[in-house]
1. Can you compute the FRET efficiency between E42 and E17 using 1/(1 + (r/R0)^6), with r the Cβ-Cβ distance and R0 = 51 Å? Round to the nearest 0.05.
2. GNM, the chain, Cα, under 10 Å: largest mean-square fluctuation among F201, F14, F77?
3. If the label point is 7 Å along Cα→Cβ of S80, which residues in the stretch 2-35 have backbone nitrogen under 19 Å from it?
4. Which order do you get for S83, S216 if you rank them by accessible area with a 1.4 Å probe, largest at the top?
5. Any chance you could look up the accessible area of T81 with a 1.4 Å probe, heavy atoms only, rounded to 10 Å²?
6. So what is the orientation-averaged projected area of the stretch 9-140, using the convex hull of its C-alpha atoms, in nm²?
7. Would you mind getting me the FRET efficiency between K110 and R290? Use the beta-carbon distance for r and R0 = 45 Å, nearest 0.05.
8. Enter the accessible area of E50 (Å², nearest 10), with the probe set to 1.4 Å and all protein chains included.
Amino acid sequence: MAKDIEISTSESKFILEALKQNYRLDNRTFDQFRDVKIQFGEELGDVLIEMGKTKVHCKISSSITEPYEDRPFEGLFFISTESSAMAGPQFENGNNTGEDEVLISRIIEKAVRRSGALDIEGLCIVAGRKCWAIRANVHFLDCDGGFVDASCIAVMCALLHYKKPDITVRGEKIIVHPVEEREPVPLGILHIPICVTFSFFNPMDMEENVKGESNSEIVIIDASLKEELLREGVLTVTLNKNREVVQVSKAGGLPMDALTLMECCHKAYSITETITNQILKEIKIDNEKRDKYSAILSSENARETS
């Protein structure tokens, strides 16, 4: 179980007082998301995400296995999280059963598999007999808040970047072709869900079920670690570029009305659109680096848009 992090009373008062005066320790605005840095490794499906001091690594692997009996036409998708003392003193070495890690796994699993972001049926090889099993291994390298958002970005980047080996089915025999023999096949990604987490603070200690103009609660996006320790409510909204709300996760905390939820969704969409465009741009750049002849063989014409 993750160890509790202690923050001094004077520091907590300072952070809350700064939030009352519309200031944050990293000089961001309340609605500002940290800059996302995406780094792809040499292997396909190997991604490192940096959000400020927060670092999350994701590696995609695949294998051929048998599908579930009640879902014979679908492949399998798993997410495993791993944290160590390297991520921060609050983590015990080798423990991956903490509440935060389980919550992250469930949120990402809902965002990717249950929303249909990953084409599970496209992983079927032989109905009821063989299918692809895709596993996303998420490693927490450095913790400064925002693990849910960073993990979701890392998993989606890795899935878009990964390509599984091409196969040939001959009766009951399945031949897996190496990369040198055949071009690997990308996964079927239907949309890109992005998680945006909102943190709520109540400096006046007055809970209101219906928020009025006199509401003194503070809402910030992408809280740092110290801000997460002091927040009294958390909301994670998952959207895609098509303005579809994939999921809304709120595990207790301060009550929230419908208007506040709608306002958070509108703010999250602009962030989702920006990050999605950045992911697609980085994927395209990496693909061009790996395929030196793509520009020569491409049939795309240069067009000027006004």
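The values are calculated or read from the model by the stated rules, or taken from the named source; none is laboratory data. It should be emphasised that the depicted structure is a prediction, and the values quoted were computed from it without experimental measurement. Every residue, glycine as well, gets a Cβ built from its backbone with ideal geometry; the counts of neighbours run over all protein chains shown. Side chains included, ligands, DNA and RNA excluded: accessible areas come from the protein's heavy atoms. Shrake-Rupley method; radii C 1.70, N 1.55, O 1.52, S 1.80 Å.
1. 0.60
2. F14
3. Answer for the stretch 2-35: none.
4. My answer, sorted largest first, is S216, S83.
5. 10
6. Taking the Cα atoms of the stretch 9-140, their convex hull projects to 11.0 nm² on average.
7. Details: r = 31 Å, r/R0 = 0.70.
Result of the calculation: an efficiency of 0.90.
8. Its heavy atoms expose roughly 40 Å² to the probe.
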